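Written out below as structure tokens is the structure these notes cover.
The values are calculated or read from the model by the stated rules, or taken from the named source; none is laboratory data. Only a predicted model underlies this, so the values are computations on that prediction, with no experimental measurement involved. With ideal geometry, Cβ positions are generated from the backbone for all residues, glycine too; neighbour counts draw on all protein chains shown.
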Amino acid sequence: MRQWWGNDEGDNGLYLRHGMGLTPAAVMSELFTPAFVEVRGCVLLRHRFSERNFLTWWDKLDGDVIRIESVLNHTHLWDLMPEPTDGADEDILDWIRERLAEAWLDRVSRLFPQRRFYCELVDDYGPTISLHQAG
């Protein structure tokens, strides 16, 4: 952000106002505070939910809620953002992944307070998050 502004005096609000625009800001807000849907005891990211896909995994994994959530909530940051071009970009993606995991855990815990959740941070196709209920 400071590189975009050209000095150390800029702040995130200025970047959002002058460099990002409303649509990207709304998309990022939705990414950090996603909606969830509950299906057969599984808590799933709503924007990723497809009944057909869910039923396929339900059958394939014999209704194992944690494994189904792990598969269907499995999110590769490289599918959402540009792939890194250097080590600094990789560090930024790792930082974003950590913030996303915190935000998702906070959101899902508030929406489903009677349940406990866990976010796995892995590197299988770039920085990846997998959200599921705790066993």
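Brief remarks on what is shown
- Flag if Leu131 is out of contact with any Ser or Thr (no Cβ under 6 Å at 6 or more places or on another chain), part of a strand (DSSP E or B) and free of Cβ contacts under 8 Å to residues at least 60 places away in the same chain: no
- Number of positions in region 96-128 that are under 12 Å from the mean Cα position of the chain (by Cα), within 14 Å of His76 (Cβ to Cβ) and not in a strand (DSSP E or B): 4
- Residue tally, condition loosely packed, with under 15 Cβ neighbours inside 10 Å and at pLDDT 90 or above, over region 89-123: 17
- Residue within region 67-88 that is polar (S, T, N, Q), assigned to a loop (DSSP other than H, G, I, E, B), over 26 Å from Pro24 (Cβ atoms) and at pLDDT 95 or above present: no
- Every condition in (1) under 16 Å from the mean Cα position of the chain (by Cα); (2) aliphatic (A, V, I, L, M); (3) closer than 14 Å to Glu120 by Cα holds for Leu93 except the one numbered (3).
- Search result, residues across region 31-54 that are within 15 Å of Asp79 (Cβ to Cβ) and assigned to a helix (DSSP H, G or I): Leu31, His47, Arg48
- Qualifying residue in region 34-46 (condition: at pLDDT below 95, loosely packed, with under 15 Cβ neighbours inside 10 Å and closer than 22 Å to Glu98 by Cβ): no
- Filter result for the condition that a residue is surrounded by fewer than 16 Cβ atoms within 10 Å (Cβ to Cβ), more than 12 Å from the chain's Cα centre (by Cα), modelled with pLDDT under 95 and not hydrophobic (A, V, I, L, M, F, W, C), over Asn7, Asn53: Asn7
- Hey, Arg17 of a type in the set (Lys, Arg), in a helix (DSSP H, G or I) and at pLDDT 75 or above or not: no
- Residues that are under 22 Å from Phe54 (Cα atoms), surrounded by 17 or more Cβ atoms within 10 Å (Cβ to Cβ), out of contact with any Ser or Thr (no Cβ under 6 Å at 6 or more places or on another chain) and not β-branched (Val, Ile, Thr) within region 74-88 comprise just one, Leu77.
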